[in-house]
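K.L.:
For reference, the structure I am asking about is given below.
The values are calculated or read from the model by the stated rules, or taken from the named source; none is laboratory data. This is a predicted model, so every value here is computed, not measured. Cβ placement follows ideal geometry from the backbone for every residue including glycine, while neighbour counts extend to all protein chains displayed. The protein model used for the area step is the full one, side chains on, heavy atoms only, and it has no ligands, DNA or RNA in it. Shrake-Rupley method; radii C 1.70, N 1.55, O 1.52, S 1.80 Å.
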Amino acid sequence: MKLPKLVLIAVGKLAAVACRLVGRDAGNFPGLALWTIDKSFLRCFSVDCPVIAVTGTNGKTSTTNYLNKIFSSLPNEKCVITNMQGNNLDTGIGSLLLHHCDMHGRIHADHLVLEVDESHVPVIFKYLKLETLVVLNFFRDQLDRNGEVETLILKVQKFLEHSDAQLVLNADDPNVVRLCPKGKKAHFFSVEKYEGATDELYEAGEGKFCPFCAAALEYEYYQYSHIGRFRCPRCGYGDVTPETQIKDIDFDNSCFKINGEAFTSKYMGIYHLYNLSAVYTAAKLYNIDSKLINDAFEDFQVNNGRMEVFRTSDAELLLNLAKNPVGANMTLRLLNQYKGEEQLLFVLNDNVADGLDVSWIWDINFSIFNNVTKVVTSGTRAYDIAVRIKYSGYDAQKIVPIPDLDAAAAEIFSTGGRKFAIANYTAVQPTRAALTRYITAKEAH
Amino acid sequence: MYPGLLDLYGDSGNVEALRYRCAVRGIDLEVFTHELGDEKRADIADMDIIYLGGGADYEQQQLAEDLISYRKELSDAHKNGTFMLMICGGYQLMGKYYKDSNDKKIDGLGLFEYYTEASTDKRDRCIGNIVVEAELDGKKYKVIGFENHGGQTFGSDKPFGRTLCGNGNVRGGEYEGYMEERVIATYLHGPLLSKNPLLTDYIISKCTGIEQLKKLDDSLEERCRDILLKRLLK
C-alpha cells in the first residue's frame, strides 16, 4: 500500500521536527524515514525551477558550493537550495527537500544546486527533473562500498541515455567523456597542460583502455592520475574540443585565463582548477556574468577540512580531506611543491562510511616525499598507514604512529614551521576538532 | 603479470613489500612485467616467482585469453618450482574455470583442480576483514587481509589456511585459498604481504633458497598486527 503524498510529507516534516527536538542533525534522518516507508518517496516533491547537479568521485562539495555562491549572487535571486554539507544520497536530498517544501511537497526556489553521489544519480533524477548535470571525474573510491568504478560509470551512462539534461563533462577523463550519448553535444571543460604534467602515468589511474574498442589509450600528457589529454589510437575516442579551457596558469600570482578573461582564485591545485573550469562552464550555460564568477573564485573559502589552514604562533598546517588515493596524492603534490622542510600528519580511519578496506593507501604515491622531516600517523588505522609509508622507502625512525588524535595533534605541533595533514572521511571532523583544541589550549597559556 | 589490469585493491603493494624486504637485506630483486598486448615472453619458466593480483570481472574477461596462451609456460614454471603467488582474480583464473556474476564462464588455466562460481546477484559478495591461520614450514601463522569477492571457490583440497574470522573460499566457510609449498593462492587483499611480514619472508626464503634470512626491525608491522588481531579475533 502506498501512502498518499500529503501523508508522507507530513510524516517527513514531523520526523525533522523530532530530530531537532532531540538535538539531532536532520540532514539525513527524515529522508531515511520516508525511504523506509516508501522507496519512491522522492515522487512526492514537485520542483518548478532549474535543477543543476554535480557528481563525480572528487570535488563535488567544492564545485557545488561555488555554484551555489554564484547563483546566490545573481541580482534577482531569492532562493538557491543546496546540500552544502554533502548529504548527497537520496535520503539526504530527500531531507533537504522536506525542509524546503510546503505541505503539498512543492518547492519554490530560483535554482536547485545539488551535490549527488554517483550511484544515486539515476535514483534521484527518476523523480526530479534534471536540467544540467556536471560530471567531474571517476576514480577508484571506497571500493568495498561503491563497487567497481566500471559498474558506477555504466549506471550513470544508462541513465543519461534516456535523459535530456544538458551535460557538462570533463574532456580529460576517459571515464567521463564516454558518458555523452551518441549524437548528443556535451559542454566539455578542460585545463591546459600545466607545469606538473607528466609524460607517464604517475599515480594509480582508472580507464587505461578505450571503452569502445578496448585498445590501450594514448596520452599526450597526464595532468594527475589518469586525467590528461588522451586519445584512442584505434577508434579516435577522446577527440573532443573543450568549450572551456583554463589557460595561462600563473601559480605565483594565483590567476589564469578563460576565453581571454582573467580570473583569480585562492586555490590553485590542478584538481581544483578542473573544478573551476566545470563551474565556469555550468555558470555560462545560465549566461552568468564573468565578474560574478570571478568574485566567487576570489572569495570562496571552504572551512570544512578541505584545504583548511590551522595556525599557531610558529606553525601553519594545511588540512585536506582525502577519501581515496587521488585525493591524498593531490595533497602530496602540494607538499612536494613546497620548497622548505615540512611534516606530515596522516589520519586514517576504517569506519563503515570510510569503507572498511584501507588497501587504497597503497595506491598513494609516496615515492617523492621532498624534505619531509617527520610523519605522524593517527586514527583507527594509524599503524597501517605507518607501514605503508615505511615500505615506500621512507625512514621508519621518522614515523610516529599515535592513534589518539589529541596526542597526535600535540606531536605534529611540537615543532614549528610548515605542516600538511591528510585525513579520510570520518577522520576529518575529529582531526579538525583535535587541532582546534590544541591551538585553543596553547593560546590560553 | 598484468599489473595494469589486476591491481584493484592495492595489490601492487605486494610487489612493493617483496621489493622492500629484499632491498634492506641486500637481495637483488628484478621485476619484469607482462601486460595485455605485450609480446609473448619466452622466459616465464626462468622466473623465481610469478605474481598475479585481482581485477574486476570486466578486466578478467579481457585478459583471460592472453593468460590461457601461457598455459604451457605457467604449468612448466609450476613444475620447475617457480613460486606462484596469486590473489583473488589470479587465484580464480588458475583453477578449472570461473563463472562470473554475468553468468559468463571463463576457462581457467586448470593448473589446479578448484573452480569458482559467482552469484549473479552482484551485491552478493564476501566483503570484510579476514584472518586465516596458515602453516608456513610447520609453523602456524595468523595471516591478516581483506576479502572482497563475489566468486565462491570449491574443490580446494589443500587450503592456504583455516578461517578464524571472515569467510574464505565460500560464504561462512571454514577454509581459505589454496597452498602448496611453492604456491599461495588466496582471496586476501590488504595488500597481503604488507600485513604479514613472516609470510613475505617465507616467500623470499623459498625463492632465494636462503633459509635464515636476516632479521628486520618489524616493530611497526607487529604493532599493526597486534591491534588488528585483537580487534578481529575478540
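K.L.:
Per 5 Å bin, what is the whole-percent P(r) computed from every C-alpha pair distance within the stretch B:169-232?
P.N.:
Taking all Cα pairs of the stretch B:169-232, the binned fractions are 4, 13, 20, 23, 19, 15, 4, 1 percent.
K.L.:
So what's chain B giving for Cα Rg divided by 2.2 N^0.38 Å, two decimals?
P.N.:
On the way: Rg = 16.8 Å, N = 234, 2.2 N^0.38 = 17.5 Å.
Chain B yields a ratio of 0.96.
K.L.:
Return the carbon/sulfur percentage of the accessible area of the stretch A:308-444, one whole number, probe 1.4 Å, all protein chains in place. Present the calculation step by step, with values, prior to reporting the outcome.
P.N.:
Working: 2440 of 4620 Å².
Answer for the stretch A:308-444: carbon and sulfur cover 53 percent of the accessible area.
K.L.:
Put +1 on the Cβ of every Lys and Arg and -1 on every Asp and Glu Cβ in the protein assembly as shown; which of A:Gly183, A:Tyr219, A:Phe251 then has its Cα farthest towards the positive end of the dipole?
P.N.:
A:Gly183
K.L.:
A follow-up question, please. Springs between alpha-carbon pairs under 10 angstrom, Gaussian network model over chain A: which of A:Pro181, A:Pro75, A:Pro401 fluctuates most?
P.N.:
A:Pro75
K.L.:
With the other protein chains left in place, how much accessible area per residue, in square angstrom, belongs to the stretch A:51-165 at a 1.4 angstrom probe? Present the calculation step by step, with values, prior to reporting the outcome.
P.N.:
On the way: 4080 Å² over 115 residues.
Spelled out: the 1.4 Å probe surface of the stretch A:51-165, per residue, equals 35 Å².
K.L.:
Near the amide H of A:Ala421, under 5 Å away, which other amide H atoms are found, from residues 5 or more places off or on another chain, if H is placed in the peptide plane?
P.N.:
Amide H neighbours of A:Ala421, under 5 Å, 5+ apart: A:Leu318, A:Leu319, A:Asn320, A:Leu345.
K.L.:
Positive end of the charge dipole of the protein assembly as shown (Lys, Arg +1 and Asp, Glu -1 on Cβ, about the Cα centre): tell me which of B:Gly190, B:Ile130, B:Ser69 has its Cα farthest that way.
P.N.:
Projecting each Cα onto the dipole axis, the largest value belongs to B:Ile130.
K.L.:
A further question follows. Compute the Cα gyration tensor for the stretch A:293-440, then decide on rounded, prolate or oblate, letting a ≥ b ≥ c be the square roots of its eigenvalues: rounded whenever a/c is under 1.5, prolate when a/b is larger than b/c in the other cases, and oblate in all that remain.
P.N.:
Working: a/c = 1.28, a/b = 1.19, b/c = 1.08.
Note, shape of the stretch A:293-440 comes out rounded.
K.L.:
Still on this structure, I have one more. For the stretch A:27-106, what class follows from the C-alpha gyration tensor (a ≥ b ≥ c being the square roots of its eigenvalues): rounded when a/c is under 1.5, otherwise prolate if a/b is larger than b/c, else oblate?
P.N.:
oblate
K.L.:
Could you tell me which of A:Tyr391, A:Leu42, A:Ala197 has its Cα farthest along the dipole of the protein assembly as shown towards the positive end, charges placed at Cβ (Lys, Arg +1; Asp, Glu -1), taken about the Cα centre?
P.N.:
A:Leu42
K.L.:
Any idea of the total accessible area buried by the A-B contact, 1.4 Å probe, rounded to 100 Å²? List each step's numbers first, then the result.
P.N.:
Values: alone 19080 and 11510 Å², together 27750 Å².
Roughly 2800 Å² of accessible surface disappears when A and B pair.
K.L.:
Using only alpha carbons, build the gyration tensor for the stretch A:1-68 and give me the equivalent ellipsoid semi-axes, biggest first, whole Å.
P.N.:
Each semi-axis is √(5λ); the values are 26, 17, 11 Å.
K.L.:
Then there is this: Compute the accessible area per residue over chain B, keeping the other protein chains in place, probe 1.4 Å, unit Å².
P.N.:
On a per-residue basis, 43 Å².
K.L.:
With a sphere of radius 10 Å drawn around the Cβ of B:Thr186, what net charge do the other residues whose Cβ falls strictly inside it have (Lys, Arg +1; Asp, Glu -1)? Spell out each step's value before the answer.
P.N.:
Numbers: positive: none; negative: B:Glu147, B:Glu176.
Every neighbour counted, the sum reads -2.
K.L.:
For the stretch A:136-251, what % of the accessible area comes from carbon and sulfur atoms, probe 1.4 Å? Please report the intermediate quantities before stating the final value.
P.N.:
Numbers: 2300 of 4990 Å².
Roughly 46 percent of what the probe reaches on the stretch A:136-251 is carbon or sulfur.
K.L.:
Take peptide B:138-146, look around each residue's Cβ out to 10 angstrom, count Cβ atoms belonging to other protein chains, and average those counts.
P.N.:
Numbers: counts 0, 0, 0, 0, 0, 0, 0, 2, 6.
Mean partner shielding for this stretch: 1.
K.L.:
Over all pairs of distinct alpha carbons, what does the Kirkwood formula give as the hydrodynamic radius of the stretch A:313-353, in Å? Walk me through the intermediate numbers first.
P.N.:
Values: mean 1/r = 0.0842 Å⁻¹.
Taking every pair of different Cα atoms in the stretch A:313-353, averaging 1/r and inverting gives 11.9 Å.
K.L.:
On to the next question. Can you work out ³J(HN,Hα) from phi for every residue in the stretch A:273-279, in order, using Karplus 6.51 cos²θ - 1.76 cosθ + 1.60 and θ = phi - 60°, giving whole Hz and x for Gly and Pro?
P.N.:
With coefficients 6.51, -1.76 and 1.60, one gets 4, 4, 4, 5, 4, 5, 4 Hz.
K.L.:
Stokes-Einstein diffusion coefficient for the stretch B:98-234 at 25 °C in a medium of 0.890 mPa s, Rh from the Kirkwood formula over Cα pairs: what value in µm²/s?
P.N.:
On the way: Rh = 15.9 Å.
For these conditions, the coefficient is 154 µm²/s.
K.L.:
In the neighborhood of A:Val135, defined by Cβ-to-Cβ distances under 9 Å, what is the net charge if each Lys or Arg adds +1 and each Asp or Glu adds -1?
P.N.:
On the way: positive: none; negative: A:Glu118, A:Asp173.
Neighbourhood net charge equals -2.
K.L.:
Work out from phi, with θ = phi - 60° and the Karplus expression 6.51 cos²θ - 1.76 cosθ + 1.60, the ³J(HN,Hα) of each residue of the stretch B:196-203, listed in order in whole Hz, and give x for Gly and Pro.
P.N.:
9, x, 5, 5, 4, 5, 4, 5
K.L.:
Using alpha-carbon positions, what is the distance between the centroids of the stretch A:172-211 and the stretch B:11-42, in Å?
P.N.:
That distance is 29 Å.
K.L.:
Select from the stretch B:190-207 all residues whose loss of accessible area on going from the chain by itself to the full protein assembly reaches 20 Å² or more (probe 1.4 Å).
P.N.:
B:Gly190, B:Pro191, B:Ser194, B:Lys195
K.L.:
In addition: So, counting K/R as plus one and D/E as minus one, what does the shell of residues with Cβ under 13 Å around A:Tyr202 add up to?
P.N.:
Neighbour charge sum, excluding A:Tyr202 itself: -3.
K.L.:
With a ≥ b ≥ c taken as the square roots of the eigenvalues of the C-alpha gyration tensor of chain A, please select rounded if a/c is under 1.5 and otherwise prolate if a/b is larger than b/c or oblate if it is not? Each step should come with its number before you reach the end.
P.N.:
Values: a/c = 1.57, a/b = 1.20, b/c = 1.31.
Note, shape of chain A comes out oblate.
K.L.:
Give the relative contact order (percent, whole number) for chain A; include only Cα pairs under 8 Å separated by 6+ residues. Don't jump to the answer; show the numbers that get you there.
P.N.:
Numbers: 853 pairs, mean separation 53.8, N = 445.
The value is 12 percent.
K.L.:
Using a Gaussian network model of chain B with C-alpha springs under 10 Å, which one of B:Asp107, B:Asp137, B:Asp57 is most mobile by mean-square fluctuation?
P.N.:
Ranking B:Asp107, B:Asp137, B:Asp57 by mean-square fluctuation puts B:Asp137 first.
K.L.:
Apply the Karplus curve 6.51 cos²θ - 1.76 cosθ + 1.60, θ = phi - 60°, to the phi angles in the stretch B:130-138 and return the couplings in whole Hz, x for Gly and Pro.
P.N.:
Calculated HN-Hα couplings, in order: 9, 10, 10, 9, 10, 10, 10, 6, x Hz.
K.L.:
If you don't mind, another one. Suppose a student asked you for the relative contact order of the stretch B:13-232, using Cα pairs under 8 Å spaced at least 6 residues apart; what percent would you report?
P.N.:
Values: 403 pairs, mean separation 39.9, N = 220.
Relative contact order comes out at 18 percent.
K.L.:
Something else now. Could you size up the charge dipole of the stretch A:308-444 around its Cα centre, putting +1 on the beta carbon of Lys and Arg and -1 on that of Asp and Glu, and report it in debye to the nearest 20? Display every interim value, and only then the final one.
P.N.:
Working: 14 positive and 15 negative charges, 51 e Å.
Here the size comes out at about 240 debye.
K.L.:
Of the residues A:Leu285, A:Leu344, A:Leu319, which exhibits the maximal mean-square fluctuation in a Gaussian network model of chain A defined by a 10 Å Cα contact cut-off?
P.N.:
Largest GNM mean-square fluctuation: A:Leu285.
K.L.:
Mean separation of Cα pairs under 8 Å and 6+ residues apart, divided by the residue count of the stretch A:70-129: what relative contact order is that in percent? Walk me through the intermediate numbers first.
P.N.:
On the way: 52 pairs, mean separation 24.6, N = 60.
Result for the stretch A:70-129 is 41 percent.
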